[in-house]
1. Can you name the residue in segment 254-296 that is of a type in the set (Lys, Arg) and farther than 23 Å from ALA140 by Cβ and, of all such residues, is surrounded by the fewest Cβ atoms within 10 Å (Cβ to Cβ)?
2. If I filter segment 30-47 for residues that are in contact with a Phe, Trp or Tyr (Cβ under 6 Å, 6 or more places away or on another chain), in a strand (DSSP E or B), open to solvent by less than 50 Å² (accessible area, probe 1.4 Å) and more than 16 Å from ligand 4 (Cβ to nearest atom), do I get at least one hit?
3. Residue check: is GLY664 within 24 Å of PHE738 (Cα to Cα) and within 27 Å of the chain's Cα centre (by Cα)?
4. Only residues in segment 132-149 that are surrounded by fewer than 24 Cβ atoms within 10 Å (Cβ to Cβ) count as the first member; pair them with residues that are in a helix (DSSP H, G or I) and of a type in the set (S, T, N, Q), Cβ under 9 angstrom, at least 6 apart or cross-chain, and list the lot.
5. Does GLU207 satisfy being out of contact with any Pro (no Cβ under 6 Å at 6 or more places or on another chain), under 25 Å from TYR646 (Cβ atoms) and in contact (Cβ under 8 Å) with a residue 60 or more places away in the chain?
6. Would a scan of segment 627-641 turn up a residue that is within 16 Å of ligand 3 (Cβ to nearest atom) and either within 19 Å of the chain's Cα centre (by Cα) or outside any loop (DSSP other than H, G, I, E, B) (or both)?
7. State which residue pairs qualify: first residue under 11 Å from VAL488 (Cβ atoms) and outside the structural domain of SER648 (by TED's automatic domain parsing) and inside segment 102-124, second residue part of a helix (DSSP H, G or I) and within 16 Å of ligand 3 (Cβ to nearest atom) in any location, beta carbons under 7 Å apart, and separation of 6 or more residues or different chains.
Amino acid sequence: METTSTPTHCPYCALQCGMNLSPTPEGGVEVTERVDFPVNRGALCGKGRTAPAVLSSRVRLTSPLVRSRGTLVPATWDEALDRIAGELGAIRAEHGPDALGVFGGGGLTNEKAYTLGKFARVVLGTSQIDYNGRFCMSSAAAGGIKAFGLDRGLPFPLEDIPKTGCVILVGSNLAETMPPALRFFSELRENGGTLIVVDPRRTRTAEQADLHLMPRPGTDLALALGLLHLVVAEGRVDEEYVRERTSGWEEARAAAMAHWPEHVERITGVSVPQLREAVRMFCEPEAAMVLTARGPEQQSKGTDTVGAWINLCLATGRAGRPLSGYGCLTGQGNGQGGREHGQKADQLPGYRKLDDPAARRHVAEVWGVDPDSLPGPGRSAYELLDALGTDIRSLLLMASNPVVSAPRAAHIEERLKSLDFLAVCDVVLSETAALADVVLPVTQWAEETGTMTSLEGRVLLRRRAITPPAGVRSDLEVLHELAARLGVEKGFPTDPEEVFEELRRASAGGPADYSGITYRRLVEENGVFWPCPAPAPEEAGAVGGAGAVGGAVTGAAVDDGGGDDGEDTGFDVIPEDPTRDEAGPAQPGAVLPANVHPGTPRLFLDRFATDDGRARFAPVSHRPAAEEPDEEYPVFLTTGRVVAQYQSGAQTRRVDELNAAAPGPFVELHPRLAARLGAAEGDPLAVVSRRGRAVAPARITTGIRPDTVFMPFHWPGEGRANTLTNPALDPTSRMPEFKVCAVRVEIAGA
Ligand SMILES: Nc1nc2c(c(=O)[nH]1)N[C@H]1C(S)=C(S)[C@@H](COP(=O)(O)OP(=O)(O)OC[C@H]3O[C@@H](n4cnc5c(=O)[nH]c(N)nc54)[C@H](O)[C@@H]3O)O[C@H]1N2
Ligand SMILES: Nc1nc2c(c(=O)[nH]1)N[C@H]1C(S)=C(S)[C@@H](COP(=O)(O)OP(=O)(O)OC[C@H]3O[C@@H](n4cnc5c(=O)[nH]c(N)nc54)[C@H](O)[C@@H]3O)O[C@H]1N2
Ligand code: SF4
Ligand SMILES: [Mo]
């Protein structure tokens, strides 16, 4: 047990708020204020503040569990690990490596996500790996790569938001999903800027807006096209910018011109005067931003929708310029880093592509394997889960709870049950872990060190603050032990910093280049924004300047100069144990040695990361949701979050204070719809879709469209929202349509 307080970061969302963990007299830890981290300056939401409750042995797993005669019973680590390795080996021998599925999570540290991807490809030899981030920001990632050649959630730090002129926040309820970030938007308005919120519900976030557009679910694509139509019609296109910094305008323009404002009003339900007002607010100031979150992204056309919002930025010259740009508000703690280092079906570390021969060669060399031995791309998350029990016979699952969080969850639950073998690593007995043949209890955030990459693209060090209870091991130890049992003795270290050193080399030269980042720098500089290349060995000894930390440098230029630190690797010297480094983080603006790349807080200012340096317009047109309301299912269902619960609730449903604030599921509906049903506040409502039926009490509010009901997805059982959701996939990102499906609502039991 450490005796001093440790500066670290929250276990939950992508904001990665800074906090101190201080020892309590009882031998535990409590969260205390940490003001030096600029993103939250000490502010935390209730989830962050109460996070130590999940460290308690009262709610967590402290012994491996192995299924014996139908029930999970405590076992030793050796028994549990032997069982997993034995089953995986046997299934592979009988059905081949692609019968072994692996599923990861965006909450895993970079070190774990990297190791899990390597484990799947090198130890198991399977192509069948994907992760829950596919359900999260994959449409924004696909849209960003198409347009800019690179996907980093925000291309600028949050601190730029108060200084811009207007922000359109599309389908983000950040007042509930990232409460401390609301400050940046309040400051924007205090500075005279404006906020537009696009959401079918009048959320706590929408209440802050100068203009709230309330479209039908699933119509953001038409909305963005309608706004672009007006930009053209009103002569607001930045012709010079379009000429010099973009390509594909004519096609995108033609597509937008087919979306007349009156037509868009009919599709979206947003009136033409409101559309005009939004265009005026967005175009008049010198700089403006569009930020999307899950609302427009979790649709079967999410990638095109993101493309349409980016088009709006490009046509008006609002990308790759100071205080302007398109960004996606990534969701999970390591939603950003988790999508960069190889747990994704088509990916190798450093955001490299698995089907790129040069990438395969580079990574295979770091891993010490033959490039030809690396499997090709596998299936996306939903497709992988849907194939369980067919050609995929076993699943190793780490950091996700799909029984609650996957679309068409009853079906996925059946698929999980139909497996020959399921192994789950978790900190608690989640609904998915409860189905497993073996459950391994793992260490969590405060008990282990690792790096996280926040929604800003800022790589952070989350530090170990307490000793884990006896009986648990880290995910890295699990992968090390399984690799050894499956015949791979080397290459799976258990020390996170050792893994990070390898990740640096594997990512070097890739789009998400971490090679210039060290644990020491992360502590001293309060995080480092990627890309951050290490100086090339041949540059060592050259003279050059790195520029100021936090300064505007481009993503593409990697001119970090050089200096002589006496190391031919160009890497920094790593202190023995930086997690014990007493020195607090340096102030922003710390002076760096000349040969050190400062990191890249702001991307694209000189050029985009495409081959020709130009941003690409997307030639997109509106199309309806995969399932639209009809006579049988006349109401839209949309889903999302409440402030006091996190995701599948596996962690937060174990915290008393959070359960008191958000005890269970509900169906939010408009008084007019309630009147039609004859429903009063609190009445049990049955919500029925083509996938199934869920029951939860009515919560009546005028803050939602009368044609739409909303359910949060944090609970299992009768009120599980995902019993209803439609797994229609976006053709590019393979994102399921969590945000739109058609339902019938009735009073339960009536
Ligand atoms: N409290 C809490 N915070 C969280 C999380 C959590 O579970 N709980 N999870 C984290 C994660 S992983 C993520 S991804 C983020 C998600 O953060 P957000 O994207 O802010 O969260 P959601 O509630 O899923 O969706 C946001 C809004 O989209 C709206 N919406 C629904 N359908 C549509 C539509 O068709 N168009 C538009 N424009 N809007 C629509 C919903 O009404 C909702 O208010 O939150 C992170 N933070
Ligand atoms: N209807 C509907 N469904 C949705 C969404 C929606 O908006 N609507 N949103 C989607 C989105 S954006 C997301 S991100 C997903 C998230 O949904 P899930 O993937 O289910 O995410 P979590 O509930 O965070 O599950 C993480 C699990 O990992 C465990 N865990 C935490 N840390 C660690 C660790 O370090 N190692 C290991 N091994 N385990 C750990 C936790 O205890 C928990 O059981 O849900 C998706 N599902
Ligand atoms: S906003 Fe996110 S990172 Fe910050 S305290 Fe809440 S859950 Fe943690
Ligand atoms: Mo997410």
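1. Filtering segment 254-296 for residues that are of a type in the set (Lys, Arg) and farther than 23 Å from ALA140 by Cβ, the one surrounded by the fewest Cβ atoms within 10 Å (Cβ to Cβ) comes out as ARG266.
2. no
3. Yes; evaluated as a whole, the condition is true for this residue.
4. ALA142/THR303; LYS146/THR303
5. When the stated conditions are applied, GLU207 does not pass them.
6. Yes: one or more hits.
7. As it stands, the answer is none, since no pair meets every condition given.
Table: residues versus (1) farther than 21 Å from VAL403 by Cα; (2) over 20 Å from the mean Cα position of the chain (by Cα); (3) open to solvent by less than 10 Å² (accessible area, probe 1.4 Å); (4) not assigned by TED's automatic domain parsing to the domain that holds GLN299.
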residue: PHE710; (1), (2), (3), (4): no, yes, yes, yes
residue: PHE713; (1), (2), (3), (4): no, no, no, yes
residue: GLU718; (1), (2), (3), (4): no, yes, no, yes
residue: ASP730; (1), (2), (3), (4): yes, no, yes, yes
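The values are calculated or read from the model by the stated rules, or taken from the named source; none is laboratory data. Note that the structure is a prediction, hence the values are computed from the model and not measured. We place every Cβ from the backbone using ideal geometry, glycine too, and count neighbours over all the protein chains shown. The accessibility values were calculated without ligands, DNA or RNA, using every heavy atom of the protein model including side chains. Shrake-Rupley method; radii C 1.70, N 1.55, O 1.52, S 1.80 Å.
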